[in-house]
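All remarks here apply to the structure that follows.
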Amino acid sequence: MHAHSESEIRKSFINCSKGAAQRINIPHEVAQAAWDQLIFLSWIDPKSPRTGYVVAETENGLRGLVLEKNPHKGKGGARMCQICLTLHPGSGVSMVSIQRTKSAKDHYNTVGTYLCSDLACSDYTLGKKKPEGIRQMEETMGLEDRVDRTLANVQGLINRVADAMGGRA
C-alpha cells in the first residue's frame, strides 16, 4: 500500500457524510503506519470500540468503509474472517454491519460480514500475528498469492457496498 495523508483517508469514506468523515478518530499510529507493510489500512476507534474502519486502494482510488461491530460476543467453535480467511476462536471474529447509505435515517440498509475482531487482517495474512488457541488450515499458496487474495476480498467488500449505493460512492 502507498502512503496516504490523513486528508486522503478522510475523503476516502464512501458510507458516511463528509462531516462524519471529518469527525473520525484517526489515531496517531494509524496516520504514521508503515504503509509498505500493509495490505489495507484498518483500525478500531479507541474511543468507540464497536466502530472500525477499513481503507484500501481500489481501481477507483482510495476507498474506505465505516463498520459497526455486533455487540454480541461470539461463543463456541471456530469462525473465519471473510477478508483474510483466518480461523479464530468464536470471540476472535465479529459480525460487522456496514451502512450502505450516507443517510442516518435508514439503519436497515446495511451489508453484514464476518471480520477479525481486531481488524488485523494484514498482520494475519503476512504471518506477523497468529490467533491463539486454534490451529490454522495449511495453505499451499505462497505469501504473494495470500496477499492478493486478502486485497481482492477487501476490495470486493468495498465494491459490494458501493454497488449497493448505486455506484455513487
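The values are calculated or read from the model by the stated rules, or taken from the named source; none is laboratory data. This one's a predicted model, so the numbers in the text were calculated from it and none came from an experiment. Every residue, glycine among them, receives a Cβ derived from its backbone with ideal geometry; neighbour counts consider all protein chains shown.
The table below gives the values:
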quantity: Top-ranked residue in the range 27-47 [being polar (S, T, N, Q) and more than 13 Å from Asp118 (Cα to Cα); ranked as farthest from the chain's Cα centre (by Cα)]; calculated: Gln32
quantity: Restricting the range 114-136 to residues that are in contact with a strand residue (DSSP E or B) (Cβ under 7 Å, 6 or more places away or on another chain) and more than 20 Å from Leu38 (Cβ to Cβ), the residue that is modelled with the highest pLDDT; calculated: Tyr114
quantity: Any hit, the range 108-129, residues being hydrophobic (A, V, I, L, M, F, W, C), surrounded by fewer than 17 Cβ atoms within 10 Å (Cβ to Cβ), touching a residue at least 24 places away in the same chain (Cβ under 8 Å) and touching a Pro at 6+ places or on another chain (Cβ under 9 Å); calculated: no
quantity: Residues located in the range 1-48, provided they are at pLDDT 90 or above, among the aromatic types (Phe, Trp, Tyr) and either in a helix (DSSP H, G or I) or out of contact with any strand residue (DSSP E or B) (no Cβ under 7 Å at 6 or more places or on another chain) (or both); calculated: none
quantity: Search result, residues across the range 139-158 that are in a helix (DSSP H, G or I) and among the polar types (S, T, N, Q); calculated: Thr150, Asn153, Gln155
quantity: Residues located in the range 30-58, provided they are of a type outside the set (A, V, I, L, M, F, W, C) and touching a residue at least 24 places away in the same chain (Cβ under 8 Å); calculated: Asp36, Gln37, Ser42, Gly52, Tyr53, Glu57, Thr58
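Residue by residue, here is whether (1) modelled with pLDDT of 90 or more; (2) of a type in the set (Gly, Ala, Ser); (3) within 14 Å of the chain's Cα centre (by Cα); (4) not in a helix (DSSP H, G or I) holds:
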residue	(1), (2), (3), (4)
Gly52	yes, yes, yes, yes
Leu67	yes, no, yes, yes
Gly74	no, yes, no, yes
Ser91	no, yes, no, no
Thr101	no, no, no, yes
